[in-house]
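Shown next, in structure tokens, is the structure this report addresses.
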Amino acid sequence: MDPTLYFILLLSALCSVSECVQRQYHFINESKSWTEAQRYCREKYTDLATVDDMNDMNEMKKSLNDGGVELIWIGLQKAGRDEWRWSSGEPALYLNWAPGQPEGRDDCGMMSYGKFEDLPCSSNKYFICNNNKLIVIRENLAWSEALRYCRQNHVDLVSVHSEEIQRRVKNVVKLASTAEVWMGLRHSCIVGIWFWVSGETVCYQNWAPRNGSSEEDCEVSVRSGAVQSGGDQRWISRPENTKLNFICSRF
């Protein structure tokens, strides 16, 4: 088979698998206000639960062991008169409101038997967290060494395929000791494209100017993607043998 065609088919297969990966949810059997629950989730996991579609909803229901818990905080928060957003900052495009909801008087969202309702943020309720943590490894390794480390000790080098993940990267990358930090972004000289090694396609992009070209210099070294630890935390292209800190995902 032609090497170029084989690479494209392999990448397509990886992407198909990655689209099946869903968030992991954790039910917390402690009663807290919405703000206290948000703080707890951000310290112990990633954030209060985000629900983008029915698949997420079904996964979140599975986290409720007995299925009988009522009125549970999720990361839904009022951002305007008729606007809701998630605790992560994302706009709430999927809203599974119960009949007659939201009533409009309260600013925080909870789930009751699979339906959303608004409630005073000061109410004390159980809650559900997302788990999608990232960790900065303050060790200087070449890109392939960083990839091996993440896969042996965590899950993978981080893939940044949405603004939500980019915000999480911004929160952790400031802890790095190098000016740039490796991500799981790789350039293929065979077909002239950038791709995530975890399988996600590179749809969302945050390249710094004059970076991210499909035509990279492949004469000396394969290029891989890093994120700046300061400034605007934009993406940059670097030779894979550069020694940098790196970010691992640990779902």
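The values are calculated or read from the model by the stated rules, or taken from the named source; none is laboratory data. Fair warning: this is a prediction, and the values are worked out from it, not measured in the lab. When we count neighbours, we look across all protein chains shown, and the Cβ atoms used for this are built from the backbone with ideal geometry, even at glycine.
The single condition among (1) at pLDDT 90 or above; (2) surrounded by 14 or more Cβ atoms within 10 Å (Cβ to Cβ); (3) of a type in the set (Ser, Thr, Tyr); (4) in contact with a strand residue (DSSP E or B) (Cβ under 7 Å, 6 or more places away or on another chain) that residue 177 does not meet is (2). Within region 81-96, the set of residues being of a type in the set (A, V, I, L, M, F, W, C) and either touching a strand residue (DSSP E or B) at 6+ places or on another chain (Cβ under 9 Å) or part of a strand (DSSP E or B) (or both) comprises 84, 86, 92, 95. The set of residues in region 25-57 that are surrounded by fewer than 16 Cβ atoms within 10 Å (Cβ to Cβ), in contact (Cβ under 8 Å) with a residue 60 or more places away in the chain and outside any helix (DSSP H, G or I) comprises 29, 30, 31. Taking the conditions exactly as written (at pLDDT below 90, of a type in the set (Gly, Ala, Ser) and in contact with a helix residue (DSSP H, G or I) (Cβ under 7 Å, 6 or more places away or on another chain)), does residue 198 satisfy them or not? It is true that residue 198 is at pLDDT below 90, of a type in the set (Gly, Ala, Ser) and in contact with a helix residue (DSSP H, G or I) (Cβ under 7 Å, 6 or more places away or on another chain). Reported count of residues in region 214-236, each being more than 17 Å from residue 173 (Cβ to Cβ) and under 24 Å from the mean Cα position of the chain (by Cα), is 1. Only one entry in 183, 110 is among the hydrophobic types (A, V, I, L, M, F, W, C), surrounded by 15 or more Cβ atoms within 10 Å (Cβ to Cβ), in a strand (DSSP E or B) and touching an Asp or Glu at 6+ places or on another chain (Cβ under 7 Å), namely 110. Does residue 188 fit the bill of being surrounded by fewer than 16 Cβ atoms within 10 Å (Cβ to Cβ), farther than 14 Å from residue 233 by Cα and over 18 Å from the mean Cα position of the chain (by Cα)? When the stated conditions are applied, residue 188 does not pass them.
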